[in-house]
Structure formats: C-alpha cells, structure tokens
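Contents: one structure, followed by commentary.
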Ligand SMILES: NC(=O)c1ccc[n+]([C@@H]2O[C@H](COP(=O)([O-])OP(=O)(O)OC[C@H]3O[C@@H](n4cnc5c(N)ncnc54)[C@H](OP(=O)(O)O)[C@@H]3O)[C@@H](O)[C@H]2O)c1
Ligand SMILES: NC(=O)c1ccc[n+]([C@@H]2O[C@H](COP(=O)([O-])OP(=O)(O)OC[C@H]3O[C@@H](n4cnc5c(N)ncnc54)[C@H](OP(=O)(O)O)[C@@H]3O)[C@@H](O)[C@H]2O)c1
C-alpha cells in the first residue's frame, strides 16, 4: 500500500441530479462528517439556493461540464433515460483521473451508454446501484439514513480500474452502506425479479381497480395490507417507464413466468383445487418468513 | 326509545376463537373499560390458562355449547372453513334472545351457513367483517388497538333484526371501529378486489421467486419495497385457502380482469410502447396517491 492509498486526499465529489438518491447521498456525507468537498448539478437557481441554505452542497452548478471540471469523483444520480445525455455533457470536461459512478436501477443499459460516451476512459467508470429507496422523488424526499446498513451493488466490467472501484466502495461505506459486487447482466436479472416485477404488479393492480366502476368505494374499504402492497405504485411513472424500458430483456422472462404461475393459481381456484392453493400459499409463506427473518 | 335501550344491560359477550381477531376484540374491550362479562371458547387448557393470566376473559370454555349458554352476544372469530361446524355446535344451546355475529373475511358463504344452522333464529345473526388485520395469527398476535378508527362492514340481510344489528354496531363502536353497512354480495366483490386479489398476487410472486434457481440470492438483494409488497404473503395459508375457496365467484372475474391488464402491460413492454406504460403508471400513481391522502 502506498502512502497515498493509506491516507488518501479527501475527494471532491460532484453529484449530478439532486433528487431522492443524489439528495440523500449529500445529506448522508454531511451527517457522517465527510471531510471532502461536495458540489452538485442542480436543476435551476431555486434548487441551487435550497441546496445552499440546507448546507448540503459547497458549490451548486447548473452546467454539467463546469460542475465536473474540478471533481475527483462524480456520482450520476439521474433517471436511466437521462444517463446518456449527462455522460455526453461531461465526457470532455472530466479531469484525467476523475472517477465516475452512477446510481441507476438498471446496469447493462447504463454500461452501454458509458462505453459509448467515455470511450477509452471507460476504466474510470464504476456502474453502481443502491438497493434502497422510497416511492418519493426530488430533493425534499431525501434523507441521510437512506443507505444505512442497506446494500449497494457495484457491477464492474473487466475494463474497470481497481483503484476507481475501491474509491466508489469507500464512498458508499462512508454513507453507511454494505457494498456487493456482481456482473451487470446478473444484477439486471435479480432486480427484474425483486424490484421491477413487483412495481409492475402494483401499478397494474391499482390501475385495474381505478378503472372499475365502483373505484372510489373500493378504495374506501381497502385496509393496511392494500396500503403496503400498493405503496410502490406511488413511485414516479417516468422514472419507472425508463427502468422498465431499459431492462425489458430481463423483465419479460420473469414476468412470463409469473403470469404462468398466476394462471395456475386461477385454474386451482376455478377447479376448487384447495390442495394446490394451500401448497402454493405455504411455500410462499415459508419463503417470505425466511426473507423477513434474514432482514431482522 | 325505551328505558332499556337508553341504558342497556351490559352484554355478556362470548368470543369463539381467540386468535388474532378474537384476541384483539377481548383486549380492546378490556382496554376500553367494557362493563360487561367476557367469556371465550379457547382451543385447550393451555390457552385457557393464558387467557386467564392475561385477564383477557372472565371464563374460558373448551366446549362451545357450554360457552354460549349464558351469552347475550356471541362473536364467532374462527376461520371461514370452521364457521359451519361452530354454528352447528352452538345452535341448540343459544339463549332465545342471544345475538350472534361473525368476523369472517367473506360474507355470502357465512350467511348461507348461518341460514342452514340457525333456521328461524336467523334474524338474531348479524354478518360482519372488520377491515383490519395483520399477516399474523393466534392469540399472541392480537392487540387492543387493531380496530381503532378502522372500518367494520356489517352485511345484514332482510331477515336481520334491527335490534340485533344495533347491538353489534355498539360492540364495534366500543372497540373504536367505524361501522358501515352493505349488501353481502357487494361486500364480497369489493373485498375480492382490495384484499383477496392482492393476497393472491403476493403469494404467487413470492412462490414464483422461491422456485427460481437463484432464490436465496434473489431475496438477499430485495429491498424495502419488496418487503412491504410481500408482507401479506406471510399470512396464514389455511385461513387464506378458506377465504379464496369461499369467495371464488367474486374473485375470478377481478382476477381475470387483472390478468388481462397484466398481459397488456407485458405487450407494451415487448413492443417498446413507452406511452402505454407511462399512461398506466400515471393513472395508478394518481389513484394510489389519492388513496393515501384519503387515509391520512
Ligand atoms: N427512487 C428509488 O427508489 C431509487 C433507488 C435506487 C436507484 N435509483 C436510481 O437513481 C437515479 C435517481 O433516482 P431518484 O429516485 O433520485 O430520482 P429523482 O428523485 O426523480 O431525481 C432525479 C434527479 O435527476 C435530475 N435530472 C433529470 N434529468 C437530468 C439531466 N438530464 N441532467 C441533470 N439532472 C437531471 C432531476 O432534476 P429535475 O427534477 O429538474 O428533472 C432530479 O433532481 C435513477 O437512475 C434511479 O433509477 C432510484
Ligand atoms: N387475519 C386477518 O387479517 C383478518 C381480518 C379480518 C377478518 N378475519 C377473519 O376473522 C376470522 C379469524 O381470523 P384470525 O386472523 O383471528 O385467525 P386466527 O388467528 O388463526 O384465529 C382463529 C381462531 O379460531 C380458532 N378455531 C379454529 N377452528 C375452530 C373451531 N372449529 N372451533 C373453535 N375454534 C376454532 C383457532 O383455534 P386453533 O388455533 O386452536 O385452531 C384460533 O384461535 C376468520 O374468519 C378471518 O377470515 C381475519
């Protein structure tokens, strides 16, 4: 280990996109006593004033190229559909050694955009995804504890520099997260199953009920189970439109598997096949109880 | 109003089935300072001792006929599949004026069983369903606040005595609930949509994922959204086997509508039809936000 690695200079972090995730990263860095500098790309002068008043950022910028020009570590926390344009805006302005990471909910599509826009600097790009969030969006939705003891998945490619990777690991550890690594394609499959599919099912359920004639009354008699089940249907439609569009290759197979299983449950109900229902429900309860115990 | 109605004698309540719902009713009555007597039918001597130690019931019985013989108001809080045998066990032992109500999650099937077993005493039976619960079961799962400001739906039939109805309304108000009335068939349709369908979707999702090869790892990377979405999949498989079996007539049409809508979402993903996705997600978010605001 060199001396520089043992006592690295504090980073000059630049967060691009001060929404739920970006806003939570800067809040968490502040609350953990981060010694470096925090710059951010904000939407407009209003957001710049707000970010300054909350003492969240040292210097807010509205221009991406200007914002990243002095950064040592850039965190891109914009919707999946904005990644390409943000990468394009910053590519030529980045200092030679700067590390870039992202927080996008899908990884293969982001890696492809990074390869296109960063060219032979791709080794400095570390694809990442914090496995924590809420159904809310925007700067006001963020909070410092969002990543505390939660997982962050990094999906380095064979081209990723080890030193860039370890600096992004250090950033996430600094905000309280536990970092895992996996292959980008595998990430997209796992998240299609545990996150993207549930969002699709919740959105579809609420929409199905909302389009039924008696909908006002239906929602009036919905209880706590319904509230929890559908909470994710309050998530940003455009953010999720981006995610589902970007990850359709991984989503379709697990969605098809789910539809097949739901058809089987439907058949069991129609046939009065109580055994199949009980077996299915019991297998699910066992797995869900195991999941809950693992989280406890 | 007669003097007896203005100052009614305190009820001698007998709760049959001291699980989540029955156990919460007796806890709530106690914590609200209920002046009457609380008896209960318990599973065995162990549960009798526990109920006595917790001062939840005045007299625990293991025999149903014996338990109801002195009751003025019987609350049947057993699984849907046990309603018929419980009604049969108590019918001949009930005092002439005693009122009987139930807490079952489906209503038409319970009304049919009551008509069969109570015969020309059916006017004293008031079908009911508290719209509150959790995924847990059993006496230990109950708590006094379960019904606080939550709805209870009563589904009287043309045969139901008005005085029996008002006494059941008074019981639920005494534990903090808000009482609504509706037709039994309508209840079963509304609850099929807001409760039974979400349970089926959550059970099926967890089962789909549990049967995928990488399941341990999949659950490891699931976050808060998944935990909330699948909480109801930890509910009792036998309780829910009963509910789905009893209410299949109302469940199948809304399940079919849902599967159709999910197929449309699948087609939009496969076709890259972003507009349909955004429209669906936006309609859902609007409805879900409205629901959340209504609950707040
Ligand atoms: N929400 C979650 O639970 C969650 C969890 C893990 C990962 N993620 C991922 O993290 C990223 C950010 O999500 P979020 O929830 O923080 O979304 P958000 O609250 O909507 O914030 C997104 C931010 O990016 C800004 N932005 C959008 N387009 C931009 C552009 N072209 N240039 C500069 N800034 C731009 C937005 O500004 P305006 O408001 O002015 O458009 C906003 O401040 C997404 O890729 C998402 O997939 C989200
Ligand atoms: N769970 C919810 O969220 C919820 C919400 C609203 C309404 N409900 C309805 O309320 C009723 C009770 O549900 P729960 O959640 O309280 O269930 P639970 O916790 O499983 O309790 C059911 C109780 O009934 C007893 N029991 C079962 N069969 C019996 C029989 N033949 N004779 C006497 N006692 C019997 C059980 O004793 P053992 O344990 O010894 O079998 C247990 O104490 C069900 O009809 C359910 O549909 C449930």
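Selection over region B:256-289 of residues that are buried (at least 16 other Cβ atoms within 10 Å of the Cβ), under 25 Å from the mean Cα position of the chain (by Cα) and more than 7 Å from every other protein chain (Cβ to nearest Cβ) gives a count of 0.
When A:86, A:57, A:78 are screened for being touching a helix residue (DSSP H, G or I) at 6+ places or on another chain (Cβ under 8 Å), near ligand 1 (Cβ under 8 Å from one of its atoms) and in a loop (DSSP other than H, G, I, E, B), only A:78 passes. Of everything listed in (1) under 21 Å from residue B:103 (Cβ atoms); (2) at the interface with another protein chain (Cβ under 7 Å from one of its Cβ atoms), the single unmet condition for residue B:243 is (2). Identification of strands (runs of 3 or more DSSP E) wholly contained in region A:90-154 with 3 or more residues that are in contact (Cβ under 8 Å) with a residue 40 or more places away in the chain yields A:128-130. Consider residue A:84 carefully, then state whether it is at pLDDT 95 or above and surrounded by fewer than 18 Cβ atoms within 10 Å (Cβ to Cβ). Answer is yes for this residue. Just one of the listed residues (A:170, A:193, A:164, A:177) is assigned by TED's automatic domain parsing to the domain that holds residue A:74 and farther than 22 Å from residue A:96 by Cα, namely A:177.
Only one of the numbered conditions (1) surrounded by fewer than 19 Cβ atoms within 10 Å (Cβ to Cβ); (2) over 13 Å from the mean Cα position of the chain (by Cα) is violated by residue A:200, and that is (1). The helices (runs of 4 or more DSSP H) located wholly in region A:222-282 that include 1 or more residues which are within 14 Å of residue B:206 (Cα to Cα) occupy A:224-230, A:248-270.
Screening A:9, A:59 for residues that are closer than 23 Å to residue A:96 by Cα, more than 16 Å from ligand 2 (Cβ to nearest atom) and free of Cβ contacts under 8 Å to residues at least 24 places away in the same chain leaves exactly one candidate, A:59.
Run residue A:161 past the list (1) out of contact with any helix residue (DSSP H, G or I) (no Cβ under 6 Å at 6 or more places or on another chain); (2) more than 16 Å from ligand 1 (Cβ to nearest atom); (3) more than 27 Å from residue B:269 (Cα to Cα); (4) more than 7 Å from every other protein chain (Cβ to nearest Cβ) and report the number of the one that doesn't hold. Single failed check for residue A:161: (1).
The values are calculated or read from the model by the stated rules, or taken from the named source; none is laboratory data. Here the structure is a predicted model, which is why all the values come from computation and not from measurement. With ideal geometry, Cβ positions are generated from the backbone for all residues, glycine too; neighbour counts draw on all protein chains shown.
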